[in-house]
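Below is one structure, written out as structure tokens; comments come after it.
The values are calculated or read from the model by the stated rules, or taken from the named source; none is laboratory data. Note that this is a predicted model, so its numbers are computed, not measured. For neighbour counting, all protein chains shown are included, and Cβ atoms are generated from backbone atoms with ideal geometry for every residue, glycine included. The accessibility values were calculated without ligands, DNA or RNA, using every heavy atom of the protein model including side chains. Shrake-Rupley method; radii C 1.70, N 1.55, O 1.52, S 1.80 Å.
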Amino acid sequence: MSKESDAFEQRIHRIHELIDGTDAVVTWNDRIPDPDNPKRSRQIDIIIRRRDSLTLVECRIHGAPQDVTWVEELIGRKASLRATSVIGVSASGFTEGALLKAKAHGIFLRDLEQLTPEEVKRWGATVA
């Protein structure tokens with residue numbers, strides 16, 4: 001493993017520590033059935049189940065800011081898997097186009113460096 005991967009995993013561990021102890025059930029690197037094709041499962045980086053809500057968290061550790069293409073993938077994943085919400089977490093930030101597209105479609109984008117413990121604890125809770 002590279003130092004960059006190790007650091008990223010440590011940050012993900014931080015997210016786990018912050019959510020642990022809430023009423024959420026958090027699963028890393030999980031697979032859930034595709035509602036449109038039950039024989040096929042879909043890999044999700046982090047799944048948060050809280051009461052009747054399903055929040056998908058997808059993480060990217062790339063050198064460049066994530067663009068609108070990734071956000072469109074998240075929009076499709078939210079619809080296809082019938083998730084309550086989707087959070088995209090990037091280690092390298094987002095392009096302006098990605099931020100605008102996400103806002104228009106209810107996708108939450110977070111820069112891993114700017115997350116606060118309080119925000120992470122609310123993940124999976126009712127989203128306004």
Can you pull out every residue in region 78-108 that is open to solvent by less than 40 Å² (accessible area, probe 1.4 Å) and within 24 Å of Asp34 (Cα to Cα)? Ser80, Leu81, Ala83, Ser85, Val86, Ile87, Gly88, Val89, Ala102, Gly106, Ile107
Which one of the conditions (1) open to solvent by less than 40 Å² (accessible area, probe 1.4 Å); (2) within 12 Å of the chain's Cα centre (by Cα); (3) among the β-branched types (Val, Ile, Thr) does Ile75 fail to meet, given that it meets all the rest? (1)
Residues within region 57-70 that are within 21 Å of Asp30 (Cβ to Cβ) and of a type in the set (Val, Ile, Thr), tallied: 2
Residues that are more than 26 Å from Glu4 (Cβ to Cβ): find the strands (runs of 3 or more DSSP E) completely inside region 21-125 holding 1 or more of those. 25-34, 37-50, 53-60, 85-90
(1) over 16 Å from Ile47 (Cα atoms); (2) among the charged types (D, E, K, R); (3) surrounded by 16 or more Cβ atoms within 10 Å (Cβ to Cβ); (4) at pLDDT below 90 all hold for Asp111 apart from (3)
Every residue in region 30-70 that is open to solvent by 80 Å² or more (accessible area, probe 1.4 Å), acidic (Asp, Glu) and without any contact (Cβ under 8 Å) to a residue 40 or more places away in the chain, please. Asp52
Pairs under 6 Å by beta carbon, first residue under 19 Å from Arg31 (Cα atoms) in region 71-95, partner of a type in the set (A, V, I, L, M, F, W, C) and open to solvent by 40 Å² or more (accessible area, probe 1.4 Å), six or more apart or different chains? Ser85/Val127; Ile87/Phe108
